[in-house]
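The values are calculated or read from the model by the stated rules, or taken from the named source; none is laboratory data. Only a predicted model underlies this, so the values are computations on that prediction, with no experimental measurement involved. Accessible surface is based on the protein model in full, side chains and every heavy atom, while ligands, DNA and RNA are left aside. Shrake-Rupley method; radii C 1.70, N 1.55, O 1.52, S 1.80 Å.
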Amino acid sequence: MMMIKNLLFAGGAVLVGASSAHAGGFQVYLPSQQSIGMGGVGVGLSMEQAAQFMNPGAMAMLRQNGVQLGVSATFARLAFRPAAGGPQRQLENTTVTPFNVYASFGPKEGKFRAGISIYTPYGSTLKYKNGWEGRFALTEITLRAIYVQPTVSYAITDQLSVGAGLMILAAGSVNLQRAIALPSAEGSIELDGKTKTGFGVNAGIFFKPSDKLSVGLSYRSKIDATVEDGDVTVVNPTAALQSRFVGNKFKATLPLPATFNVGVGIMPTDKLTIGFDVNFTQWSEYRALRFDFTKDGQPAQVGTGTFSESKRAYEDALTFRLGGQYKPSDKLALRLGAGYDMSPVKDGYVTPETPDNNRLIGTAGVGYNITENFGVDASFMFQAILKRTQTEDDLLNNGTTDRVAGTYRTNISIPGIGLRYNF
């Protein structure tokens with residue numbers, strides 16, 4: 001019944017591994033269309049309402065009230081070749097549409113500004129085609145999470161400002177499916193649950209010593225995503241195995257790790273802005289994942305026991321981002337960016353739901369002011385997750401035989417569109 005555990009282990013990896021791409025996972029970092037076009041930079045800049053996500057301290061330096069919204073579409077192309085040989089398997093085409101909404105308000109000449117934001121830092125869909133070699137570990141995953149963040153920011157001086165926001169995991173859900181091997185046929189098992197409301201802090205400091213230089217620091221705390229009373233559904237178990245599938249509920253706590261962010265902004269001229277960010281994600285807190293199974297509130301067996309635990313042993317990881325914006329006129333802004341994202345997943349710990357590795361990032365974008373107050377932004381991001389091979393020996397040496405040996409290659413394309421209105 002080891003394969004039954006595999007599906008349940010996958011649930012935690014998706015919630016945690018599919019991070020907002022500070023480091024690793026299948027989800028990408030999408031603060032706003034302006035930021036995406038510039039490689040995702042923004043911690044050391046004060047350019048837009050999305051500052052309340054990237055660095056709440058920078059929000060007080062905005063000179064106008066405004067509302068900003070955006071949506072992206074992520075198209076992932078994943079290929080897997082099994083270690084034992086055979087044809088290359090492709091991921092079924094899926095599309096996820098993360099979105100963001102930001103608004104901030106305050107006296108135009110004042111030092112105080114308040115804001116509210118809604119964004120989706122976690123969310124992905126993965127579906128492997130029928131018959132793939134890893135179907136007993138995973139066939140399909142859907143993850144959804146929506147955050148709400150009220151924020152306040154205060155300019156202590158004309159050069160220094162601080163800010164903080166309350167991060168609220170307002171809604172979250174996960175659904176995982178996989179095949180199970182039975183004596184005379186294949187069955188399936190599904191894990192479906194909703195997360196409890198969770199809370200964290202997003203705080204930052206912004207310092208602009210001159211018109212040509214700015215520096216920012218921000219910190220987003222860990223949030224524990226807790227699933228209680230999740231549903232475990234097994235289809236077509238043989239009669240002889242019914243006694244091993246008693247539990248119909250599960251609970252688990254999954255850490256969404258803290259991040260530390262440093263950014264620098266350079267403005268050589270009025271038309272050119274350059275940003276450089278470094279993100280550090282504390283993935284090392286994610287050592288293992290445990291699921292407890294119940295029925296009628298009491299421990300109950302699913303597979304081989306009343307609980308399951310799987311190794312993760314993630315490492316802390318860094319992401320480097322560089323981007324720029326050039327404004328040939330007051331109406332038009334052109335943007336380019338690049339990044340390098342280090343994976344927290346060690347050799348021998350790669351799972352089908354997060355076939356992760358170090359990734360190369362390239363971005364481009366354009367902004368256009370239709371009127372003095374209203375503008376539109378378009379962005380495009382491409383991520384190439386470097387090819388990753390995991391052997392049977394890797395799994396045996398690490399005691400991680402609950403996952404699949406083989407070679408993964410993934411590319412992700414992400415177009416997006418955004419609107420903004422200042423007043």
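General observations
- Rounded to the nearest 10 degrees, the angle from helix 2-17 to the longest Cα principal axis of the chain is 0 degrees.
- Links that overshoot a 28 Å alpha carbon limit, given the list LYS108/LYS271; LYS222/LYS387; LYS127/LYS346: LYS222/LYS387
- Summary value for the chain: 21 percent relative contact order, contacts being C-alpha pairs under 8 angstrom separated by 6+ residues.
- Convex hull projection area averaged over all views, the chain, Cα basis, nm²: 20.0
- Fraction of accessible area attributable to carbon and sulfur, the range 2-422 (%, probe 1.4 Å): 57
- Normalised per residue, the accessible area of the range 2-422 is 40 Å², obtained with a 1.4 Å probe and no contribution from ligands, DNA or RNA.
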